[in-house]
Structure formats: structure tokens, C-alpha cells
1. Please give me the summed charge of the neighbours of ALA220: other residues whose Cβ is under 13 Å from its Cβ, Lys and Arg +1, Asp and Glu -1.
2. Past 28 Å, Cα to Cα, is the threshold; run LYS138/LYS362; LYS56/LYS138; LYS54/LYS345; LYS56/LYS107; LYS43/LYS282; LYS43/LYS297 against it and keep the listed order.
3. Between ASN116 and ASP90, how many nm apart are label points set 7 Å from Cα along the C-beta direction?
4. Averaging over all projection directions, find the projected area of the Cα convex hull of segment 67-189 and quote it in nm² with one decimal place.
5. Taking only protein heavy atoms and a 1.4 Å probe, what accessible area per residue, in Å², does the chain have with all protein chains in place?
6. Once you have a ≥ b ≥ c as the square roots of the Cα gyration tensor eigenvalues for segment 264-341, tell me rounded if a/c is under 1.5, and otherwise prolate or oblate according to whether a/b is larger than b/c.
7. I need the semi-axes of the equivalent ellipsoid of segment 135-286: take the C-alpha gyration tensor, multiply each eigenvalue by 5, square-root it, list largest first in whole angstrom.
8. Roll a 1.4 angstrom probe over the protein heavy atoms and tell me the percent of accessible area of segment 117-192 that is carbon or sulfur.
Amino acid sequence: MLRCKRILAILLIMLVSFSVMAGGQQEKAADTKAEVQAAAPAKTTEGFPGPTVKAKAPRGIKVAIVPAMASLSGCIVPGDAMVEIGERYDWDVQIFDGRGTPEGGNKAILNAIAWNADVIMTISLDPRSFQEGLNAAKTAGIPIVSGSSGTDDPNPILDVGAGNLNFLYDVGPYYYGLGQTMAAWMDEDSNGKANVVIFSCPGLPSVDLFEEGLIDELTARNITFDPKPQVFSFDQLGDTLNRMVTGYVMSHPQVDYVFIPFDPAALGPIAALEAADLTEVKVVSVLGTTEMMSLIKRSPIAAGTAAYDSTYLGYAEVDQAIRVLNGQPLITPHNENLPMAIVDKSLLPPEGEAWTPAYDYKSAFYALWD
């Protein structure tokens, strides 16, 4: 779900300083921030739904991170969480970029093996496409694990084919249930009058499972939707997808909800719909990136995203890896109750931040590992 080849433009902002004025503004901003922090209630670990069994974190190990594509936010955020954890426990952490292709991912795994990693932690890789790397890791005796693929409990266990290998576990959202929740949100947001079109990028287990849950719940609630999803591929992200979405909305004026299966793919169509003054339609997506959160705040078109906490995902993937290295049983469900929510204008986090649950899960995990 999280892999795509869209490269988001980075805007360079030049800051001009005026000594006296800037000093006063910075002092005022600092005071305001302190006041807000003082007024905000401190998060606690109360409500943490993760594991309760301790797992001592090893010190000084070599941890290889293999993301599907290191430039994607769905890979960057859990990867950054793993790096953060590694700093606490003196791990040597290296990132081996999968570069968005099976060839690149297999090469990255082989490079991690040559680096003599103690554990290989992948992000958003479909095991069926990485048998070369999986077999090499097995031969080397290096555990190789997964996150954000939708191939493991609480999702259905992916059938990788006879004689093929799978990751030891995958930490991912319950995609089918998240799809059902998105359908319920559209039903409630429209007072039962939604008319939905689904844009689909099939092939990834996470995308397919979400769409299955979405369609099943739309059907169960008698919500009108086009039974033929509008299919696009990764190489159509950008202008082609933008034209597909705007063209469909123009020719189907009765449609008022457009579903796009991941946030990075939704950004361009939202801008294209705004440019075409098609502002009566609402776009919903999946992931919960900060870019999508910003659009939901300011755009009449960006309506919501099925968000899950990608930092929690990284912590949970590490927690299970520690248990593998210690010879301890895995926690069930394997996603360690990864928190999820449909984020709309009523649930937006502060500007520039991702959605997070109300409890301090980092402290809860560290209490298990220290």
C-alpha cells in the first residue's frame, strides 16, 4: 500500500532575519509554546494495548532496515522509529534501500547479509517477490522480519506458494477492518447518501484486503458505489491518475466520494480537482501522512484518511524482533494492537504532526525492554 514512485516536491523556504524583531518574535514564540505545553495534559501509558511480557533489549547488535523505498513516508516513519530505538540500546543500524523494485529489494537484503546483520527488518515488502533474499537470509541464519505488508495476523496469513519462504512475522494494520471502518465513516458523513467510486491499485496484499473490507461494508450498508473499480498502476501516479480522477468526476456528477488507496497517490488528484473547481466531491485515502493531514485541514476536497500510527508500527516490529532474538514467543496478535483511526477535520493533530493515540506507548515499550 505504501509503495509508490511519486516524488513529492520539496519547497525551499528562505528565512530572512532582522536582529531585534526576530529576537522578540522568537522569544514570544517560545513563551507561547511553553504555555501550550504547560496547559496540555501529559500522556501516560494508561490505555496502552501492546504487550505486557517483558523482553530485554540486547545491546550492541547490528540491525539492518530494508524499506521498499526509503523516500516514502510509509517507510521513513517506521524506519526512523527503529533508528531511534537503536540509539537507546547502542545498536549499529544501517538502512539498505529497496528502491521500489524486487531487484532492488533482493539486492538490499543480500547487502544486509554481507554486512553481517543480526536481524533484518523489512518495511512494505511482499515476500513473494523476495525469495532470493529470504533464502539467502535463511542460509546465513539471520532472522528476517516484516512490517506494513498486511500478510500476517490479524490479517489472513499470506499464501506464498509451495516451497517458498515468508518473513517470520509481519506487523501491519488490520486492513480488512480498516476498510470496513472507512465505509462506515462515509456512510455516517453523508447521512446514508454517499455515492462512491473506488480507485484501485491492486496487487499488494494490504491494498487488496482494505478494498475487500471497504466493498463488503459498502454493500452491507446499501451504499451506492461503482461496482467496477477504476484501476491504476504505480507508473500512472501523477498526471495520468490526476486526469483519470478528474475525468471520472466530470462524467459522473452523482459521485461525491472518491476513494484512493494511499495518501501519496491522493495528493495530486486533490490538487487537480481543486484546479478544475470540482469542490463538491470528497477524497478519502489511507495512511495518515502529515501531507494529507495538512490538506484535510485546508481543502474542501480532502475529507479523511484511514490512519495508523507508523511510529508505533516500527516500535512493535522491533518488539517482536527482540523476542525472536531472545528466543521468546511472539506476541499475539502480531501487530500488537496497532492503533488506527479515520482522521477527518474533527480529529486532526497539530500542523506538521502525524496522528497518534492518546497514550504514551514509547514509555510503555521501553519499560518492557530496559
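1. -3
2. LYS138/LYS362; LYS54/LYS345; LYS56/LYS107; LYS43/LYS282
3. The two pseudo-label positions are separated by 1.8 nm.
4. On the way: hull surface 35.8 nm².
So the mean shadow area of the Cα hull is 9.0 nm².
5. Values: 16950 Å² over 370 residues.
Per residue, the chain has an accessible area of 46 Å².
6. Details: a/c = 4.60, a/b = 3.85, b/c = 1.20.
Taking the square roots of the gyration eigenvalues as a ≥ b ≥ c, segment 264-341 is prolate.
7. Sorted largest first and rounded, they come to 33, 18, 12 Å.
8. Answer for segment 117-192 is 47 percent, counting heavy atoms of protein chains only.
The values are calculated or read from the model by the stated rules, or taken from the named source; none is laboratory data. Keep in mind the model is a prediction, meaning the values are calculated, not measured. Note: ideal-geometry Cβ built from the backbone for every residue, glycine included; neighbour counts use all protein chains shown. Protein only, heavy atoms only, side chains kept; ligands, DNA and RNA dropped before computing areas. Shrake-Rupley method; radii C 1.70, N 1.55, O 1.52, S 1.80 Å.
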